[in-house]
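The values are calculated or read from the model by the stated rules, or taken from the named source; none is laboratory data. This one's a predicted model, so the numbers in the text were calculated from it and none came from an experiment. In this analysis, Cβ positions are derived from the backbone assuming ideal geometry, glycine residues included, and neighbour counts consider all displayed protein chains. With ligands, DNA and RNA removed, areas are computed over all heavy atoms of the protein, side chains included. Shrake-Rupley method; radii C 1.70, N 1.55, O 1.52, S 1.80 Å.
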Amino acid sequence: MAVDHYENFPVASILMPRRLVPAVEAIYAFARSADDLADEGDAAPGERLAALQAYDQQLDRIEAGSVPDEPMFARLAHVVAQYRLSVEPMRDLLSAFRQDVVTPRYQEYASLLDYCRRSANPVGRLMLALYEADDAVNLRDSDAICSALQLINFIQDVAIDLTKGRIYLPLEDLARFKVSETALKAGIVDAPFQALMRFEVERARALMLSGAPLARRLPGRIGWELRMIVQGGLRILDRIERAGYDVYRRRPTLGTADWVAVGWGALRM
């Protein structure tokens, strides 16, 4: 399954035990399709919110122990029952997708982190639950990694998000570094913009490193999976810095040489 659309989900990774692949694919299908309801096509905001509400109603049925008729939700119900998963992380995802429909700006970093708590952190929490490793310390570090990944995605996709009418850089940061929305939309990469992006990169890196001990703490395949994820996120930040923070004309992606570096970084962890 392609993962470029929902970057934070390690779908069918070669490091994932085969026994977990059907469960991860079922959760991914739910998250991917719900995300598409919020983002894709030309539906009106009210139609998008109604469709997401219908997803919430299906979660109600699953939580009540019944099996929905639709195949995607039937598979999800089976996974929830088999692994005794809470549906709350899935409800959090729906909450974030609804927010995407109605909230194109974030005034302060705390509000953006709250969005990350619902748009990204549930992914890590569900994965830890599948691995039966969801204790409080692991969840804390997983939240840091997932929020950092979401922030990195925002930094990487400033230009793409602008085409959707959204800005995921806190407005308080734009004001602090004297970067106007007009300049942001014009793709001006000047000293104030570079200072803003340097600040965002350093903050995302610090958050990622704060959660990185989880990757060393967890054994086996999940540990290696997380080390690759952490190193991949850090590598993207390095690429943004080397490009002079110009994410408009040189959106950073990882090539073969980068993945060699990511693998080496994972080994060193």
Filter segment 65-89 for residues that are part of a loop (DSSP other than H, G, I, E, B) and farther than 23 Å from Asp134 by Cβ; the one that is most open to solvent (accessible area, probe 1.4 Å) is Asp69
With criteria (1) assigned to a helix (DSSP H, G or I); (2) out of contact with any Phe, Trp or Tyr (no Cβ under 9 Å at 6 or more places or on another chain); (3) open to solvent by less than 50 Å² (accessible area, probe 1.4 Å), Gln231 comes up short on (2)
Quick check: anything in segment 36-44 among the aliphatic types (A, V, I, L, M), over 24 Å from the mean Cα position of the chain (by Cα) and open to solvent by 70 Å² or more (accessible area, probe 1.4 Å)? no
Filtering segment 186-206 for residues that are of a type in the set (A, V, I, L, M) and open to solvent by less than 50 Å² (accessible area, probe 1.4 Å) leaves a count of 6
Counting only helices (runs of 4 or more DSSP H) wholly inside segment 113-184, the ones holding at least 2 residues that are out of contact with any helix residue (DSSP H, G or I) (no Cβ under 7 Å at 6 or more places or on another chain) and surrounded by fewer than 21 Cβ atoms within 10 Å (Cβ to Cβ) are 136-156, 158-163, 171-176
Residue pairs within 7 Å by beta carbon, gap of at least six or interchain, first lying in segment 11-39 and more than 23 Å from Gly263 (Cα to Cα) and in a loop (DSSP other than H, G, I, E, B), second open to solvent by less than 10 Å² (accessible area, probe 1.4 Å) and at pLDDT below 95, listed first then second, are none
